[in-house]
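The values are calculated or read from the model by the stated rules, or taken from the named source; none is laboratory data. Given the structure is predicted, the values throughout are model-derived calculations rather than measurements. Here the Cβ positions follow ideal geometry from the backbone for every residue, glycine too, while neighbour counts run over all protein chains shown. Side chains are part of the model used for accessible areas, which takes the heavy atoms of the whole protein and leaves out ligands, DNA and RNA. Shrake-Rupley method; radii C 1.70, N 1.55, O 1.52, S 1.80 Å.
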Amino acid sequence: MNTKVLVAPSPHVHSGDSIQKNMYGVVFAMLPALLFSFFYFGLGALVVTLTAVASCYLFEFLIQKYILKTEVSINDGSALITGILLAFNVPSNLPIWIIMIGALVAIGIGKMTFGGLGNNVFNPALVGRVFLLISFPVQMTSWPVSKGLTSGYIDVETGATPLAIIKEGLKSGQSLSSLMDKIPSNMDMFLGNMGGSMGEIAGAALVLGLIYMLIRKIITWHIPVAVIGSVAILTGILHMVDPEAYAGPVFHILTGGLLLGAIFMATDYVTSPMSNKGMIIYGVGIGVLTVVIRVFGAYPEGVSFAILIMNAFVPLINVYVKPKRFGEKRK
Amino acid sequence: MAGKKESTFINMVLVLFIVTLVASAALGGLYELTKEPIAAAKLAKKLKAIKEVVPEFDNNPSEEMYSVEMPTGDLLEFYPAKKGDELVGTAVKTFTTNGFSGYIWIMVGFKPDGTINNYSVLEHKETPGLGTKMEPWFKTTDPAKAKCSILGKNPGTANLTVSKDGGDIDAITAATISSRAFLDAVQTAYNEYNKQMEGGTK
Amino acid sequence: MTNKDIFLRGFFKENAVFALLLGMCPTLGVTSSATNGLGMGLATTFVLIMSNLVISLVSSFIPDKVKIPSFIVIIASFVTMVDLLMAGYVPALHEQLGVFIPLIVVNCVVLGRAEAFASKNKMVPSIIDGVSMGLGFAMALTMLGAIREFFGSGKMFGVTLFNETYGMLVFVLAPGAFIALGYLIAFINRVRKV
């Protein structure tokens, strides 16, 4: 046991927060979206989630024990979050070996290479996701159509995401209003009735998770509001300038991984800025980059790239927008 | 080091002059030496691309090459392949700007009746793993994927657009834009080829 | 310093890629396959040897103020020669390496060795230095190319080892070059310490 006297500078009062408590709080907040994805994609969603979580735990254990030879800390719950987020970001019919590669990249390259939880610059789940997207573009962009609880794991019908339909249609010279008939209504999209990856389809469930995390004070409102707000304003302006070429803000917020990214991935403690002002700069950066990639870039979806790019700016933001030191007097 | 030259104006001019003179002389000599192999290599590459897409021939198609200027200012190049005096096929170097990113250049070979003999992708900047599949995709011999292949089809009678747009060809999985662009390039080639044939000029 | 020391230093201890981190542009740009890496490495080796040789002979006649311009002209001449020769006799490789061949001119390894070694040393050590630096560079590029080719498309020197559908495309692309190079340097550093 630890018999040494612990000498530490103030503060000495512990609020009762711990890594585990916050991590499992996040997991609880993800439950509605998780249940939603089981409901929509059935067995496939279950297989993908279990594989992703189990591989994340396994690789974290193996790397800590045999390569880094440090204390094994797989119980802190961070591997669980990474696993679920990775599963949220992939189609529900993704082959198991690809998911395992994704988990290895997320934990191995995204987290452990930098020194483990707390030291990673980039969100591990997103590192895994983007690695898979670039490496296996066919498998990563064939989205199964939701068939409810009974749908199987493989051999499901595939369809495009609303964002991809719009992007492709505009590229081949069709007008936006004619394309709008081909995509689900806003209400359908909010309730998850569209093609997409497991975690991104159910806007309603993701918002439930956000409300829970805000009430429990696991996260503050700054990042999600900054991300969603900047996307809404920017696409609103573009839509007003030319409604035939740019889709409106509601469409952009409900489609793709925007809600998932804004609520669960941009808010990751380790890879987001510390001060409130920094969080807003960071969130606006993500929002603007997302719109730029979606509207002008080669990929239909840009949230994950936007978050990774802004992750890289976090140290810089932290230097220039410092949180007030405890006990420091206002100048 | 002993005998190091001072950095006087005359020394600097002299040294730089000698260095550049020797360098340019050496390069000029080498250029003359390698001129022929380089030209031969370029011709061989072009002939190889032509050979790939048309039936066997015994003339030199690049000598009988003629071209048509397109609205974009780029040239469509026609390489007639002949055996003896008979035209056995024409290789058309065609392009499209509808690709995912930039130009796609394709060499497509037509038999005299207008059916597609073969094609070869010369240059493109499509997404690796998706659009890059167009080289093998549209010439598959797998009977299960007969709808992917454009070989043996005549763009005049068959509808060379992707099946999503009501055409006869199955697009590359997850790369509809590149597929459309590819077929557009083939169609452009056929339209111009047809004009040339009907004109009876060649 | 004996000739053997010079060789070992250039090849491993001060390896251009793994230790000095010089010449990153071709290192990341052309190593999408082992063959490309080897081809680029050997082309650079040729330029290094020839420029080291010539510069060690003529450097005493060149005034200090025009040293760099003269070296660049000499290096650029050899690079252009390599470019012409490859275009004539190995057109396939020349097309693969593309713009990176002319870019050997600005490879810091070449000018760096000319300035730091060849201009201050006699002919024989300069040639050895060029050979070792060049081969070290070629080895690094070939290793990186082999790793990227293996993971990216399941091949090694063009020989298929496993089905390409299982290859991770990212390794063939630019991000994979950075990831593979990072882990390769980490691994080499680990080996060096033992």
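What the table shows:
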{"quantity": "The listed residue being at pLDDT 85 or above and either touching a helix residue (DSSP H, G or I) at 6+ places or on another chain (Cβ under 9 Å) or more than 29 Å from C:VAL170 (Cβ to Cβ) (or both), out of C:GLY29, C:GLY23, C:GLY10, C:GLY37", "calculated": "C:GLY37"}
{"quantity": "Residue under evaluation B:PHE57, criteria (1) farther than 30 Å from B:ILE172 by Cα; (2) surrounded by 13 or more Cβ atoms within 10 Å (Cβ to Cβ); (3) within 14 Å of chain C (Cβ to nearest Cβ), criterion not met", "calculated": "(3)"}
{"quantity": "Criterion (surrounded by fewer than 14 Cβ atoms within 10 Å (Cβ to Cβ) and either in a helix (DSSP H, G or I) or not acidic (Asp, Glu) (or both)) met by exactly one of B:ALA91, B:ALA81, B:ALA39", "calculated": "B:ALA39"}
{"quantity": "Residue within the range B:192-201 that is more than 14 Å from chain C (Cβ to nearest Cβ), out of contact with any helix residue (DSSP H, G or I) (no Cβ under 7 Å at 6 or more places or on another chain), surrounded by 16 or more Cβ atoms within 10 Å (Cβ to Cβ) and at pLDDT 80 or above present", "calculated": "yes"}
{"quantity": "Options C:LEU84, C:LEU57: the member that is modelled with pLDDT of 85 or more, aliphatic (A, V, I, L, M), more than 30 Å from C:GLY154 (Cβ to Cβ) and surrounded by fewer than 17 Cβ atoms within 10 Å (Cβ to Cβ)", "calculated": "C:LEU57"}
{"quantity": "Helices (runs of 4 or more DSSP H) wholly inside the range C:1-111 that include at least 1 residues being facing chain B (nearest Cβ under 9 Å) and touching an Asp or Glu at 6+ places or on another chain (Cβ under 9 Å)", "calculated": "C:67-89, C:91-97"}
{"quantity": "In the range B:19-36, residue surrounded by the most Cβ atoms within 10 Å (Cβ to Cβ) [restricted to those that are at pLDDT below 90 and among the β-branched types (Val, Ile, Thr)]", "calculated": "B:VAL19"}
{"quantity": "Residue ID - farthest from A:GLY128 (Cα to Cα), chosen from residues in the range A:296-309 that are in contact with a Gly (Cβ under 9 Å, 6 or more places away or on another chain) and open to solvent by 20 Å² or more (accessible area, probe 1.4 Å)", "calculated": "A:PRO300"}
{"quantity": "Qualifying residue in the range B:68-78 (condition: within 12 Å of another protein chain (Cβ to nearest Cβ), modelled with pLDDT of 80 or more and touching a helix residue (DSSP H, G or I) at 6+ places or on another chain (Cβ under 8 Å))", "calculated": "no"}
{"quantity": "All positions within the range B:103-152 that are closer than 19 Å to B:GLU77 by Cα, of a type outside the set (Phe, Trp, Tyr) and assigned to a loop (DSSP other than H, G, I, E, B)", "calculated": "B:LYS111, B:PRO112, B:ASP113, B:GLY114, B:THR115, B:HIS124"}
{"quantity": "Hits in the range B:172-191 - residues which are part of a helix (DSSP H, G or I), within 14 Å of chain A (Cβ to nearest Cβ) and small (Gly, Ala, Ser)", "calculated": "B:SER178, B:SER179, B:ALA181"}
{"quantity": "Pairs, first under 22 Å from A:LEU85 (Cβ atoms) in the range A:55-75, second open to solvent by 50 Å² or more (accessible area, probe 1.4 Å) and of a type in the set (Lys, Arg), C-beta under 6 Å, six or more apart", "calculated": "A:VAL72/A:LYS65"}
{"quantity": "Selection count where residues are assigned to a loop (DSSP other than H, G, I, E, B), of a type outside the set (Phe, Trp, Tyr), open to solvent by 70 Å² or more (accessible area, probe 1.4 Å) and away from every other protein chain (no Cβ under 14 Å), scope the range C:154-171", "calculated": "1"}
{"quantity": "Top-ranked residue in the range A:213-238 [being of a type in the set (Ser, Thr, Tyr) and part of a helix (DSSP H, G or I); ranked as nearest to A:PRO249 (Cα to Cα)]", "calculated": "A:THR235"}
{"quantity": "The lone exception for B:GLN187 - which of (1) open to solvent by 30 Å² or more (accessible area, probe 1.4 Å); (2) over 18 Å from B:PHE95 (Cα atoms) it fails", "calculated": "(2)"}
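This table checks each residue for (1) within 14 Å of another protein chain (Cβ to nearest Cβ); (2) open to solvent by less than 10 Å² (accessible area, probe 1.4 Å).
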position: A:ASN75; (1), (2): no, no
position: A:PHE88; (1), (2): no, yes
position: A:MET100; (1), (2): yes, no
position: A:ILE107; (1), (2): no, yes
position: A:GLY110; (1), (2): yes, yes
position: A:ASN123; (1), (2): no, yes
position: A:SER135; (1), (2): yes, yes
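Table: residues versus (1) among the hydrophobic types (A, V, I, L, M, F, W, C); (2) away from chain A (no Cβ under 14 Å); (3) not in a helix (DSSP H, G or I).
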residue	(1), (2), (3)
C:ALA114	yes, yes, no
C:ILE128	yes, yes, no
C:PHE137	yes, yes, no
C:THR142	no, yes, no
C:PHE151	yes, no, no
C:PHE187	yes, no, no
